[in-house]
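Working notes, beginning with the structure itself.
The values are calculated or read from the model by the stated rules, or taken from the named source; none is laboratory data. All values derive from a computational prediction rather than experimental measurement. So basically every Cβ, Gly included, is an ideal-geometry build from the backbone, and we count neighbours across all protein chains shown. Quick note on the areas: whole protein, heavy atoms, side chains included, nothing else; ligands and nucleic acids left out. Shrake-Rupley method; radii C 1.70, N 1.55, O 1.52, S 1.80 Å.
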2 protein chains.
Amino acid sequence: MSPRIGLDQTTILMAAADIADTQGIDELSLAAVAKKLNIRTPSLYNHIDGLPGLRMKLSVYGLEQLYATAHSAVTDMTGDDAIRAMSAAYLAFARARPGVYELTLRAPDPGHPEVVEAGGKLVRLLVALFEDYNMTEDAALHAVRCLRSVLHGFASLEQKGAFGLPLDLDVTFRLLVDTFIAGLQTIRT
Amino acid sequence: MSPRIGLDQTTILMAAADIADTQGIDELSLAAVAKKLNIRTPSLYNHIDGLPGLRMKLSVYGLEQLYATAHSAVTDMTGDDAIRAMSAAYLAFARARPGVYELTLRAPDPGHPEVVEAGGKLVRLLVALFEDYNMTEDAALHAVRCLRSVLHGFASLEQKGAFGLPLDLDVTFRLLVDTFIAGLQTIRT
DNA sequence: TTGCAAAAACTAATATCATTAGTTATAGTA
DNA sequence: TACTATAACTAATGATATTAGTTTTTGCAA
């Protein structure tokens, strides 16, 4: 009496996300997921396309989650406030779901339609942030790249434990965002 | 007639670095290194402490190389010029040695003495950049964290192919560094 | 010069993982 | 009620890291 236990892709993704968040991205294996779900490894193949497929789905899941939290954070906000709210939401997500966040940027094939679509939504949300700043279209796109660099750089270094000194990380992050906002007028043409 | 071929740790590290740079960090395995050197996998254990040991040594190697190129880039420079030179050297290294650069921040144990020492040298070089700006000591340390975030964020996203739009990356990077420099006065106290 | 000890490179063996092929039993449908 | 699709399984294969134990060479000491 083993077939039809009720396994589905969402269950698998949630288990995998939990492993990635708590044990680290390198510990995410099909064997670990199967063990957590009390099933045998090959059973996973009925719902996902191997380990690369699982990682791809997790990337999409993470991008959608990040979009959702960022979107609700910036609604009804404009200008510097919106940038600050976006930044706070971004970092909060990266901190709450370190494994999922990292997977977000490590899709096996970044060109996969689902990943491109999910990432595109997030980028469009970011582009909208700069509509209040009277920039040319290209300048806004450069600004988006800059903001993404700032946010990802901090989140990534913090996550890797690369900030060793005993100095308040939240203070650094606030200064980082303020510095970006203050310097933003540099990007115009 | 097999013992004493003349293998040593440096030879192994160079082969591993080349694999990481050309094939990607996920393709770096002891099997791949052994194949490239025409030896058997277990022979590597006479010179390195398994795959984690190899990755740790590569982290240190990368940090030292990055320090060397950054150091020579900023000598005799001060202020904004020094920050710009440092930024250019950092990105150039990340681009030239993508695998080694990535390993730099992914040491199996970031607390290992050798990694801490090599990373510390680099951080001290960065701290020196802000001596020209009349900041408090803490402010300078925050500034270093901000600059690292900016540089790593851009280098990392570029490397992962996360900047999809057809917009000149060098222009974005110049704007990013200029924005940081322009906003720097925000960090004072 | 000769002999010995350290160690380099090896073969063999084990364990873990991803993946595929093929089997069985269940759930939904005709 | 019977049949088909398929979920979950067992078995098997191949890649990898790692350890144990063997052989041979190098370098040093008597």
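For the range B:10-39, name all the residues that are more than 8 Å from DNA strand D (Cβ to nearest atom), within 14 Å of chain A (Cβ to nearest Cβ) and either outside any helix (DSSP H, G or I) or surrounded by 13 or more Cβ atoms within 10 Å (Cβ to Cβ) (or both).
Correct list: B:G24, B:I25.
Starting from the range B:1-29, take each residue that is at positive phi and list its partners that are open to solvent by less than 30 Å² (accessible area, probe 1.4 Å), counting only C-beta distances under 8 angstrom and pairs at least six apart or across chains.
B:G24/B:G99
For the range B:40-50, enumerate the residues that are open to solvent by 60 Å² or more (accessible area, probe 1.4 Å) and in a helix (DSSP H, G or I).
Result: B:P42, B:Y45, B:N46.
Test each condition in (1) surrounded by fewer than 18 Cβ atoms within 10 Å (Cβ to Cβ); (2) away from DNA strand D (no atom under 15 Å from the Cβ); (3) not aliphatic (A, V, I, L, M) for B:Y61 and report the one that comes out false.
Exception for B:Y61: condition (1).
With the requirement that a residue be away from DNA strand C (no atom under 16 Å from the Cβ) and either over 16 Å from A:L103 (Cα atoms) or away from every other protein chain (no Cβ under 14 Å) (or both), what does the range A:46-72 give you? Working first, answer last.
First, pick out the residues of the range A:46-72 that are away from DNA strand C (no atom under 16 Å from the Cβ): A:60-72.
Once the filter is applied, which keeps residues that are away from DNA strand C (no atom under 16 Å from the Cβ) and either over 16 Å from A:L103 (Cα atoms) or away from every other protein chain (no Cβ under 14 Å) (or both), the range A:46-72 yields A:V60, A:Y61, A:E64, A:Q65, A:Y67, A:A68, A:T69, A:A70, A:H71, A:S72.
Please pick out the residue among B:Y61, B:Y67, B:Y101 that is in contact with a helix residue (DSSP H, G or I) (Cβ under 8 Å, 6 or more places away or on another chain), under 23 Å from B:D170 (Cβ atoms) and hydroxyl-bearing (S, T, Y). Full working, then the answer.
Working: B:Y61 fails: under 23 Å from B:D170 (Cβ atoms); B:Y67 fails: under 23 Å from B:D170 (Cβ atoms).
Result: B:Y101 is the single residue among B:Y61, B:Y67, B:Y101 that is in contact with a helix residue (DSSP H, G or I) (Cβ under 8 Å, 6 or more places away or on another chain), under 23 Å from B:D170 (Cβ atoms) and hydroxyl-bearing (S, T, Y).
Kindly indicate whether any position in the range B:79-96 is within 16 Å of DNA strand C (Cβ to nearest atom) and either of a type outside the set (A, V, I, L, M) or away from every other protein chain (no Cβ under 14 Å) (or both).
No, every residue in the range B:79-96 fails to be within 16 Å of DNA strand C (Cβ to nearest atom) and either of a type outside the set (A, V, I, L, M) or away from every other protein chain (no Cβ under 14 Å) (or both).
Look through B:D170, B:D138, B:D132 and report the one residue that is more than 18 Å from A:E158 (Cα to Cα) and at pLDDT 95 or above. Before the answer, list the steps.
Working: B:D138 fails: more than 18 Å from A:E158 (Cα to Cα); B:D132 fails: at pLDDT 95 or above.
Just one listed residue meets the conditions, B:D170.
Could you say whether any residue in the range A:76-95 is of a type in the set (V, I, T), free of Cβ contacts under 8 Å to residues at least 24 places away in the same chain and open to solvent by 20 Å² or more (accessible area, probe 1.4 Å)?
Filtering the range A:76-95 down to residues of a type in the set (V, I, T) leaves A:78, A:83.
Adding the requirement that they be free of Cβ contacts under 8 Å to residues at least 24 places away in the same chain leaves none.
No, there is no match, as no residue in the range A:76-95 is of a type in the set (V, I, T), free of Cβ contacts under 8 Å to residues at least 24 places away in the same chain and open to solvent by 20 Å² or more (accessible area, probe 1.4 Å).
Take residues that are open to solvent by 30 Å² or more (accessible area, probe 1.4 Å) and either more than 7 Å from every other protein chain (Cβ to nearest Cβ) or without any contact (Cβ under 8 Å) to a residue 24 or more places away in the chain (or both) and tell me which of the helices (runs of 4 or more DSSP H) falling wholly in the range A:97-189 contain 3 or more.
Details: elements: A:98-104, A:113-129, A:137-159, A:169-183.
In the range A:97-189, the matching helices (runs of 4 or more DSSP H) lie at A:113-129, A:137-159, A:169-183.
For the range A:64-75, enumerate the residues that are surrounded by 15 or more Cβ atoms within 10 Å (Cβ to Cβ) and within 21 Å of A:H112 (Cβ to Cβ).
A:E64, A:Q65, A:L66, A:Y67
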